[in-house]
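Read-outs: derived from the displayed coordinates by stated rules, not from any lab. On a predicted model such as this, the values are computed, not experimentally measured, just so you know. When we count neighbours, we look across all protein chains shown, and the Cβ atoms used for this are built from the backbone with ideal geometry, even at glycine.
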Amino acid sequence: MDWLSPAEWEAVRLSLRVSFWATVAALPFGLFIAYALARWRFPGKQILNGLVHLPLILPPVVTGYLLLITLSPRAPVGGFLKSIGISFAFNWTGAALAAGIMGFPLMVRAMRLSIEAVDPKLEQAAATLGASRTWVFATVTLPMVLPGVLAGAILGFAKAMGEFGATITFVSNIPGQTQTLPSAIYAFLQVPGGEASALRLVAVAVAVAMLALLLSEWISRRVAARVGGA
Amino acid sequence: MLEVAVRHRLGAFTLEAAFEAPPGLCVLFGRSGSGKTSVINAVAGLMRPDEGRVRVGERVLGDTSQGIWLPPHKRRLGYIFQEGRLFPHLSVRQNLLYGRWFAGSLLPLDPVVEMLGLGPLLTRRPGALSGGEKQRVAIGRALLADPGLILADEPLAALDEARKREILPYFERLRDEARCPILYVSHSAGEVARLATTVVVLQDGRVVRQGTAAEVLSDPAVTPAGIRAVGAVLEVRVAAHHDDGLTELDAGGVPLYLPRVPQAVGAPLRIRIAAQEVILARQRPEGLSALNILAGKVDSIREGDGPGALVSLDTAAGRVLARVTRRSAEKLGLAPGVDCFAVVKTVAIAREDVGTA
């Protein structure tokens, strides 16, 4: 495929990798927090809810800057992580972290809604039939919230693909390391004669976004048909 | 043998119910708000009462005085809910096998499928089933969990009359064939009459009466489902099927006529005669279209707040209740010890009030 230059390809590949890992890593945390928010009562629930939603409301630059000052190798947390061999600063894992955090609220919201839609009476019925809490979750709750989980994952992925402000603030814009698709578009627009490259990347971004939307529609319709009977 | 004792405060409502039920089907009978569902949920472990003790045979499912309160999944239950509560993401077959898998005892699927007529439904999903079909699947799912105790919380309440008639016989079979006790919550006198081995009457969170269906329903003081639902239960036997579409019953030597029932000659039956369908007469009526006339003696008259009175009559067939106005009771000179005839139209004995004994 030579309609994209190697530099453009680099950005697309990096973006897909960053978004994939951001989504995969955020998924279990998101599911756990969505379940806690939907089903449990505990002190500080509203604060947790607020924290989860913060990246949605804060300017992305602020989120990125907060990440930078906590996770840079010179900061206490970043220094500790570096000492055990984990580094987020100025490499692709940092971009994935930023993308995952920015997509997290969307993911949790979708999953929480679908968990709230599961009738606890069905879970009770499963318990009376001999299923422990873990089994109830695995055999009743999880299969029934799967559409919501998938929708949340796709939303999170799409958000990660488009994440710009937090990423560029946190891990900068290094080609091959942290220059994701939106950063690359931005970079190409800064140099004379870069519009053609930028346009090609824009086309890729639109295609990926459309694909993600169609996929999530298709999945939710399939699952709905399965659960609805017929 | 099932032993239940529950004490629980919920705001202004205090539940304080204790009873022991012999083997068979025990109906918790009471109007809504009497605490029936709280009791059954405590037995199931879905609710933990302030104080409670639940024992099935030798198995203690909970005893708060010893700090024991097993979670539902360790109680070996088969719980049939009012709304079925089938798992919508599983096929009928997978629903049936759900509890069996956790029970680990692998009861054969086929006899249950055959008894409940589920064969054609196995590959379908619950969303595509009718209300009656869902309840049949729910019964099968509970049975296949190999339960030590079957619970049913108003399993027929969400069904229309025709569906109720379809499901009731399965509960009769369950009562006659299940090896474990059954606790069945209901507010329907008809269901009590047909199903109960024992009735426990709950009112405002307390047990006010316990006994056999015939004893409890024939007691004019027990009206938890309202005066309109009062009716005595007679234990009878099928005497003959006649060509004109009637079945003749032997009720303690007295012939009674009913629209044709499917049971064979000689089979024991329970019939419920609603008190408001009974007419009283001082002399044996002549030239009357009603076929069923029972001679008896007035045992008691209970007057309510309204214009009505509930007359209880001892007949050769058993205790019969009649709901008449106070005015006619006075006009007829009814009093305890007075001879009297109870008249019941053949068609007044509803089909859902006839069941196997």
Practice problem: Please go through the residue pairs A:121/A:159; B:164/B:297; B:297/B:345; A:121/B:36; A:45/B:134; A:45/B:36 and name each one whose alpha carbons sit more than 29 Å apart in this structure. | Solution: A:121/A:159; B:164/B:297; A:45/B:134; A:45/B:36
Self-check item: GluC sites (Glu not before Pro) within segment B:24-84, DSSP loop, no more than 15 other Cβ atoms inside 10 Å
Solution: B:58
Exercise. Could you give the DSSP H helices of chain A that reach 30 angstrom or more along their long axis (alpha carbon positions) and whose average Kyte-Doolittle hydropathy is no lower than -1.0?
Key: A:6-39, A:92-116, A:195-228
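Using Cα-Cα distances under 8 Å and only pairs 6 or more residues apart, what relative contact order does chain B have, in percent?
Numbers: 822 pairs, mean separation 57.7, N = 357.
Averaging sequence separation for qualifying contacts and normalising by length gives 16 percent for chain B.
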Exercise. Note down the relative contact order for segment A:6-229 as a percent, whole number, built from C-alpha pairs under 8 angstrom at least six residues apart.
Key: 30
Quiz item: What is the distance in Å between the Cα centres of segment A:192-217 and segment B:23-49?
Solution: 61
Quiz item: How big is the Rg/Rh ratio for segment B:103-152, C-alpha atoms only, Rh by Kirkwood, two decimals?
Solution: 0.97
Quiz prompt | segment B:4-69, dipole about Cα centre (Lys/Arg Cβ +1, Asp/Glu Cβ -1), debye to the nearest 20 | solution = 180
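Can you put A:24, B:185 in order of Cβ neighbours within 10 angstrom, beginning with the fewest?
On the way: A:24 14, B:185 24.
Fewest to most other Cβ atoms nearby, the residues stand as A:24, B:185.
At 222 nm, what value in deg cm²/dmol follows for chain A if DSSP H runs of at least 4 each add -39500 (n - 2.57) and the sum is divided by all its residues, to the nearest 500? Spell out each step's value before the answer.
Details: 11 runs with 177 residues, N = 230.
About -25500 deg cm²/dmol.
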Quiz item: Which of A:130, A:42, A:172 sits farthest toward the positive end of the charge dipole of segment A:6-229, with +1 on the Cβ of Lys and Arg and -1 on the Cβ of Asp and Glu?
Solution: A:130
Practice problem: Kindly put B:289, B:34 in sequence by how many other C-beta atoms sit within 10 Å of each C-beta, fewest to most. | Solution: B:289, B:34
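If you place +1 on the Cβ of every Lys and Arg, -1 on the Cβ of every Asp and Glu, and leave all else neutral, what size is the dipole of segment A:6-229 about its Cα centre, to the nearest 20 Debye?
In total the dipole reaches around 540 debye.
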Quiz item: Under a point spin-label approximation (7 Å from Cα along Cα-to-Cβ), what is the residue A:56-residue B:242 distance to one decimal in nm?
Solution: 7.5
Self-check item: Cα-centred dipole magnitude for chain B, charges only on beta-carbon of K, R (+1) and D, E (-1), debye, nearest 20
Solution: 800
Quiz item: By counting other Cβ atoms within 10 Å of each Cβ, how are B:305, B:250 ranked from fewest to most?
Solution: B:305, B:250
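With the convex hull built on the Cα atoms of segment B:292-357, state its orientation-averaged projected area in nm². Please list the in-between numbers first.
Working: hull surface 21.0 nm².
Mean orientational projected area (segment B:292-357, Cα hull): 5.3 nm².
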Practice problem: Sort out for me the Cα centre separation of segment B:283-357 from segment B:156-189, rounded to whole Å. | Solution: 28
Self-check item: Positive dipole terminus of segment B:198-256, leading residue within B:233, B:199, B:249 (C-beta point charges)
Solution: B:199
Quiz item: Computed over the Cα atoms of chain A, what is the ratio Rg over Rh, Rh following Kirkwood?
Solution: 1.04
Quiz item: Over the Cα atoms of the protein assembly as shown, Rg to Rh with Kirkwood Rh, two decimal places?
Solution: 1.19
Exercise. With N set to the residue count of chain B, report its C-alpha Rg divided by 2.2 N^0.38 Å to two decimal places.
Key: 1.07
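For a quick check of your reading of the filter: which trypsin sites (Lys or Arg not before Pro) in segment A:34-121 sit in a DSSP loop and have no more than 11 other Cβ atoms within 10 Å?
When the trypsin sites (Lys or Arg not before Pro) of segment A:34-121 are filtered for loop state and at most 11 Cβ neighbours within 10 Å, A:41, A:74 remain.
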Quiz item: Any idea how far the Cα center of segment A:91-106 sits from the one of segment B:64-91, in Å?
Solution: 42
